[in-house]
Amino acid sequence: MSNTTQLLRFITAGSVDDGKSTLIGRLLHDSKSIFEDQFSAISKTSEKRGMAAVDLSLLTDGLQAEREQGITIDVAYRYFATPKRKFIIGDTPGHEQYTRNMVTAASTANLVVILIDARKGVLVQTRRHTYLASLVWWACRTSCWRSTRWTWWITRNSVSRRSSASTGDSPRNSTCTT
Amino acid sequence: MTAHTFTHLDALESESIHIMREVAAECKNPALLFSGGKDSIVMLRLAEKAFRPAKFPFPLVHIDTEHNFPEVIECRDKLAKDLGERLIVRSLEDSIKRGTIVIKDPDKPRNPYQSVTLLETIAEFGFDACMGGARRDEEKARAKERIFSFRDEFGQWDPKNQRPELWDIYNTRVHNGENIRVFPISNWTEMDIWEYIGREKLHIPSIYYAHEREVIRRGNTVIPVSHLVQPKPGEKVEVVSVRFRTVGDMTCTAPVESTACTVQEIIEETATTRITERGATRMDDQTSDASMELRKKEGYF
């Protein structure tokens, strides 16, 4: 890996059973990031459940209760890298009662992939996750902007005390990436 | 002068330093769990970057199973001495003498019992936060854990009821008797650790590099011969070039066959390996589908 690889954090979101864990499983499978021992473990579990093919969603369901019930309860983090970028993926739960766990994952993400099952359309949890993703992003952007403004204010005042020259850009013009 | 680029290692390092400073600022009596393995050596370098030139605002704590590789213990003591930091070592033997641990077979792995001594040590010193070098890419239950992981008064983890953790704001509030386990390098992978060891030129125990060792083969696993593991009748002892991907209890840590003698060679091997770090080397994780989760629920770090 080169010394200049960047980091991208993203999560999958959307309603229950719309394929969040499966998408991540497939992504890891196609990028050859599933290790042999992990693959044989999920093959065994899929076989036990009488499935014809390997269920890739099992890869991120790391808790005993999740595997028993076939649902995601809390966010699972997975890692993979390409020569250009390193990725941190969060697999979030779709159930209403675990929405707080989705928010936890969304708060540190740079990007949210929202999955929609075309047969079912936009559901309540799809809307909720979409709204929350924009909410945590705006909250982060606002706090970041506030701190930028504060730093700018202190800098300006401390500089102006030493010399009367006006300095700096307005924070409104400065770009703030999250 | 070359322009500085902010790499993924810089991003991870900066996140970890922030977490360590947060622990130092918010917790009354924190500790850093230090075993002498590669992850905890990276933790020490991060702590140096977070707090030097001051002393660390916490002691280093090691829960010794007395089944450790001598090279690792030597490295642990040397690093603590060179840094001039306080090292607290508590041994499973003390708990065995007290009768809180009853060992049926002395040659069996001692990792399951570590939780008991860890909880006793936490109670002895009244630690309210213990930082550990666990990573989420190591194991599927660890992939689920928060960076600030809350433990109840019995040291137990409740994976179905974890606290929310938003942005980089961490909740450090606990009641008396409860504590938190903090994992500053949660988001690092095995590859990141090796790249960081290379970048920072860290000194790690020699057994991480390829060396000749007497081993026996049981199934697909290569097992090192030591005073604790002797060949059974019919088993053949071979001398093979191996290196360790993890270092833990000598009776359940297996090396991998390798000729990688430098950090760069290890990075190349890590990039092409097809088996996970613990899957290749930890026999105690393979006893059941949820062995790590069960141990964590009992108080393991």
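Filtering the stretch B:154-181 to residues that are away from chain A (no Cβ under 14 Å), open to solvent by less than 80 Å² (accessible area, probe 1.4 Å) and without any contact (Cβ under 8 Å) to a residue 24 or more places away in the chain leaves nothing.
Annotation: of all residues in the stretch B:47-71 being at pLDDT 95 or above and within 15 Å of the chain's Cα centre (by Cα), the one that is nearest to B:Lys97 (Cα to Cα) is B:His62.
Taken over the stretch B:14-39, residues that are closer than 20 Å to B:Arg146 by Cβ and part of a helix (DSSP H, G or I) amount to 14. Taking each residue of the stretch A:69-83 that is within 14 Å of A:Asp17 (Cβ to Cβ) and more than 7 Å from chain B (Cβ to nearest Cβ) and looking for partners that are assigned to a strand (DSSP E or B) and modelled with pLDDT of 90 or more with beta-carbon atoms closer than 8 Å, six or more apart or interchain, yields A:Thr72/A:Asp91. Scanning the stretch B:40-54 for residues that are small (Gly, Ala, Ser) and either surrounded by fewer than 16 Cβ atoms within 10 Å (Cβ to Cβ) or in a strand (DSSP E or B) (or both) gives a single hit, B:Ala54.
The number of residues in the stretch A:80-107 that are open to solvent by 30 Å² or more (accessible area, probe 1.4 Å) and either farther than 24 Å from B:Glu195 by Cβ or touching an Asp or Glu at 6+ places or on another chain (Cβ under 8 Å) (or both) comes to 5. Per this entry, B:Arg76 is not counted among residues that are touching a residue at least 12 places away in the same chain (Cβ under 8 Å), basic (Lys, Arg), closer than 21 Å to B:Ser291 by Cα and crowded, with 19+ Cβ neighbours inside 10 Å. Here B:Leu118 clears all of (1) surrounded by fewer than 16 Cβ atoms within 10 Å (Cβ to Cβ); (2) more than 14 Å from every other protein chain (Cβ to nearest Cβ) except the condition numbered (1).
The values are calculated or read from the model by the stated rules, or taken from the named source; none is laboratory data. Keep in mind that this is a model prediction, so the values were computed, not measured. Please note: Cβ atoms are built from the backbone with ideal geometry, for glycine as well, and neighbour counts cover all protein chains shown. Just so you know, the surface numbers come from the protein's heavy atoms only, side chains and all, with ligands and any DNA or RNA stripped out. Shrake-Rupley method; radii C 1.70, N 1.55, O 1.52, S 1.80 Å.
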